[in-house]
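Report on the structure given below.
Since every read-out is calculated from the coordinates, none of them should be taken as a lab result. Just so it is clear, the structure is predicted and the values come from calculations on it, not from any experiment. Heads up, the Cβs are rebuilt from the backbone with ideal geometry, glycines too, and the neighbour counts pull from every protein chain shown.
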Amino acid sequence: MAKSTVEDIEVKGKRTLLRVDFNVPLDKDTGAITDDSRIRAALPTITYLMEHGARVILCSHLGRPKGKVVEDLRMAPIASRLSELIGLPVGTTGDCIGEEVDKKARDLEDGEILMLENLRFHPEEEANDADFAKKLAELADLYVNDAFGTAHRAHASTVGVARHLPAVAGFLMARELEVMGRLLHEPERPFACLMGGAKVSDKIGLLQSMLTRGDMVLIGGGMAATFLKAQGYEVGRSLVEEDRLSLAGELLRKAEAQQVAIWLPIDAVVAEEIKAGAPTRVVPITGVPSHGQIVDIGPDSVELFQSKLAGCRTVMWNGPMGINEIPEFARGTRSLVSFLAATEATTVIGGGSSAEGVHDMGLTDRMTHVSTGGGASLRFLEGAVLPGVDVLLDKE
Ligand code: ADP
Ligand code: MG
């Protein structure tokens, strides 16, 4: 069921508590914002609300202050960056609840904007404390959630507040739900899922979901080694989850029974050390040396994966094909990202490292959708109902 958005509700004159995900990366020496894309991603909702006369009360978490005030994690620098971006003043507060906040929220005029202090300075936020949620809700007449990235967490600002206020989605949230919802329920076929990343255990839910919804699954990254080993290949010192070997075998059999093709790498880049500049070698998958570790998929696998993906109308990608933090081990991932950027198919990218890889290559705009929520997108694509989405009003 689609969710109501800011466009479905009267916002003029309404004090609107807008939950955003402004958990931006900060330089650890200077505290400067190193990437403001999360702020930019919320601008359509913020400007819509301001232009339609809402009185906007923004709230977000930043970093992991663990329920205490951490000076380096105050929201003020985020508010000033937002102010630069919209060309208007953005007020700030010393806390996210309390007298000062109540007063500033009451004094807001139509079209004005206020940013509350870091929600996670209070342990009650992550605990979804009912009292804390009520205090937050009392600041406003209306609640908008545009923080897809935290929608898989039941926190006071994502779930608790919605018990007290009409709750709708912002544009970013709505777009995430629309694109990924279509992927889950009515993908254009053939529909392929390209998976990688470190561990099978992180991606079991996604794999199972894709085995019932997809037409094929292509597996690279660290998790491929567990599947390869389950098939009897020697994988040397590659990352293998011994306790998932039988599950990997089971998933391979299940895929066969459901006639979902699973493709694994046919060659690999191996190294003996995981560091930049380490010597590497490309070997067929039958020839991984006992002292080597698979660090990337090889060029033949890239070609195989591309030829399979070329026939698809929808591709979902989650998880790098290799240890992509090290440039020498990132070729497989980079080749496939370039391929996805160029294809006509619908391309949806989920997962933190995967999204980062696409951003780093400057190809975000060439994909149909790059999710802003790492963990949230993973949970959503597993088919889970996200608590922060569940509490929003259904569309009439
Ligand atoms: P995402 O954030 O996109 O969901 P994951 O968090 O699951 O992706 O996985 C990303 C991590 O997987 C990266 O840190 C990368 O180094 C690691 N990885 C990928 N391939 C391998 C490999 N062959 N061996 C070990 N680690 C790998
Ligand atoms: Mg990750």
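If the viscosity is 1.002 mPa s and the temperature 20 °C, what Stokes-Einstein diffusion coefficient in µm²/s follows for the chain when Rh is the Kirkwood radius over Cα pairs?
96
Measure off 7 Å from each Cα along the Cα-to-Cβ vector at residue 242 and residue 266, then give the distance between these two points in nanometres to one decimal.
In this crude label model, residue 242 to residue 266 measures out at 3.3 nm.
DSSP loop trypsin sites (Lys or Arg not before Pro) in region 1-70 with at most 15 other Cβ atoms within 10 Å of their Cβ, which ones?
Those that pass, being in a loop and sparsely packed, are 12, 28, 66, 68.
Arranged from highest to lowest average of other beta-carbon atoms within 10 Å per residue, in what order do the peptides 234-241, 183-190 appear?
Taking the mean over residues of other Cβ atoms within 10 Å, the ranking is 234-241, 183-190.
Semi-axes of the equivalent ellipsoid of region 49-89: what are they in whole Å, largest first, if each equals the square root of 5 times a C-alpha gyration tensor eigenvalue?
25, 13, 6
Based on the inverse mean of 1/r over its pairs of different Cα atoms, what is the Kirkwood hydrodynamic radius of region 150-232, in Å?
15.5
Taking the inverse of the average 1/r across all pairs of different Cα atoms in region 36-112, what Kirkwood radius in Å do you get?
After inverting the pairwise mean of 1/r, the radius is 13.5 Å.
Find the all-direction average of the projected area of the Cα convex hull for region 177-220, expressing the result in square nanometres with one decimal place.
3.2
List the aspartates and glutamates whose Cα lies under 20 Å from the Cα of residue 199, skipping any in the same chain that are fewer than 8 positions away.
Leaving aside aspartates and glutamates fewer than 8 places away in the same chain, those within reach of residue 199 are 234, 241, 242, 243, 250, 267, 272, 273, 296, 325, 356, 382.
If you take the Cα atoms of region 200-295, find Rg, then find the Kirkwood Rh from the mean of 1/r over all pairs, what is Rg/Rh?
Here Rg/Rh amounts to 1.00.
In the P(r) worked out for region 180-381, what percent of Cα pairs fall beyond 26 Å?
Value for region 180-381: 26 percent of Cα pairs lie more than 26 Å apart.
Measuring from the lowest to the highest alpha carbon on each principal axis, how far does region 314-386 reach, largest first, in angstroms?
Cα extents, longest axis first: 38, 27, 16 Å.
Rounded if a/c is under 1.5, else prolate if a/b beats b/c, else oblate: with a ≥ b ≥ c from the C-alpha gyration tensor eigenvalues square-rooted, which is region 6-172?
Rounded shape, in that the Cα axes give a/c under 1.5.
Please give the length that would be gained between residue 189 and residue 37 if that part of the chain were fully extended, namely 0.36 nm times their separation in residues minus their C-alpha to C-alpha distance (nm, one decimal).
Additional length available on full extension: 51.6 nm.
Sticking to Cα atoms, compute the Rg of region 289-354 to one decimal and its Dmax as the biggest Cα-Cα distance, whole number, in Å.
Computed over the Cα atoms of region 289-354, radius of gyration and Dmax are 12.5, 41 Å.
Taking θ = phi - 60°, what integer Hz values does the Karplus form 6.51 cos²θ - 1.76 cosθ + 1.60 yield along region 93-98, in sequence order, with x for Gly and Pro?
9, x, 8, 9, 9, x
What are the extents of the Cα atoms of region 248-305 along their three principal axes, in Å, largest first?
Extents along the principal axes: 43, 23, 19 Å.
Of the beta bridges DSSP finds with both residues in region 246-382, what % are antiparallel, to the nearest 5?
Antiparallel: roughly 55 percent of the beta bridges in region 246-382.
Under a cut-off of 27 Å between alpha-carbon atoms, report the lysines in cross-link reach of residue 68, not counting same-chain residues fewer than 8 places apart.
Within the straight-line limit of under 27 Å, residue 68 reaches these lysines: 28, 103, 104, 134, 135.
So what's the back-of-envelope 222 nm ellipticity for the chain, counting only DSSP H runs of four-plus at -39500 (n - 2.57) apiece and dividing by all residues, rounded to 500?
Counting only the DSSP helices, I get -10000 deg cm²/dmol.
How large is the Rg to Rh ratio of region 139-190 when both quantities use alpha carbon positions and Rh follows Kirkwood?
Using only Cα positions, Rg/Rh for region 139-190 is 1.10.
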